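Student: Encoded as structure tokens, here's the structure I'll be asking about.
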Ligand code: ATP
Ligand code: MG
């Protein structure tokens, strides 16, 4: 039996909302409007995952699949310094790949699984998990096929999380609700439909607050406490 590891987000408030941090053995999804902090959380986790367990890290390496070209190695440097880590060593432990099609994204996962069998990884990031699907299956009548391929990808991610005791952090986009009255208070909802809703164990809804403040709420989890965490995006990554 593998025991779950919880990795700090850099914000104690957000960690508390999550019950200690983002968890291995499952998928954590973050969705929210542009600039809400999804990618900045990914960058912070790239570093905090490498912290020792007693510092709320995962003591492991990171795999980063980037579909939008928004990973910035230079952002890792001040975040590593904030945690008192050597930036070059931290960068060396991030395996990065840019994906250009959904098939490419899937094949990268197959290759990563082989690597994870050899080296201790504790985090896999896919930022964004759905962007390429929305491009590659943009035609009318392609939704069913898209959802089927998306389900395949997500089941691969779940398998990796469980087999290698890895935390999987994926980002998602929001789409305007086509109607039906379900989202009257917030006209946006996560993309990916029920396929993504079923795959993600924890769904984080991020939004902008005042200035550099961001607000996180756990979406659609009746068994978790309600509430919001307010955090800041800083040069050193997420903070209270
Ligand atoms: P998108 O949907 O466009 O991918 P996102 O949710 O991934 O958006 P991020 O890229 O994580 O958004 O957040 C961008 C925000 O992070 C910027 O608007 C800025 O406020 C903040 N930010 C980025 N870098 C820094 C930094 N070095 N110091 C402080 N804040 C920063
Ligand atoms: Mg982003």
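Student: Here's a check for you: in region 207-240, which residue that is assigned to a strand (DSSP E or B) and touching a helix residue (DSSP H, G or I) at 6+ places or on another chain (Cβ under 6 Å) is nearest to residue 130 (Cα to Cα)?
Tutor: Once the filter is applied, the top-ranked residue is 216.
Student: Further question: Given the conditions (1) farther than 19 Å from residue 40 by Cβ; (2) surrounded by fewer than 16 Cβ atoms within 10 Å (Cβ to Cβ); (3) away from ligand 1 (no atom under 16 Å from the Cβ); (4) touching a residue at least 12 places away in the same chain (Cβ under 8 Å), which single one is not true for residue 176?
Tutor: (3)
Student: So, one more: Go through region 211-237 and give me each residue that's closer than 23 Å to residue 78 by Cα and at pLDDT below 95.
Tutor: 211, 212
Student: Counting just the residues of region 134-171 that are touching a residue at least 40 places away in the same chain (Cβ under 8 Å) and within 16 Å of ligand 2 (Cβ to nearest atom), which one comes out nearest to residue 61 (Cα to Cα)?
Tutor: Among them, the one singled out is 169.
Student: Which pairs do you get when a residue that is over 20 Å from residue 35 (Cβ atoms), found in region 213-240, comes within reach of a residue that is assigned to a loop (DSSP other than H, G, I, E, B), reach meaning Cβ atoms under 7 angstrom, with the pair 6+ apart or on two chains?
Tutor: 218/224
Student: Within region 34-46, identify whether any single residue is more than 24 Å from residue 189 (Cα to Cα) and part of a loop (DSSP other than H, G, I, E, B), and answer yes or no.
Tutor: no
Student: Can you confirm whether region 34-53 contains a residue that is out of contact with any strand residue (DSSP E or B) (no Cβ under 9 Å at 6 or more places or on another chain) and away from ligand 2 (no atom under 16 Å from the Cβ)?
Tutor: yes
Student: Restricting to region 112-123, what's the tally of residues that are crowded, with 24+ Cβ neighbours inside 10 Å and farther than 10 Å from residue 49 by Cβ?
Tutor: Residues meeting the conditions: 0.
The values are calculated or read from the model by the stated rules, or taken from the named source; none is laboratory data. Small disclaimer: the values here were computed from a predicted structure and weren't measured. Every residue, glycine as well, gets a Cβ built from its backbone with ideal geometry; the counts of neighbours run over all protein chains shown.
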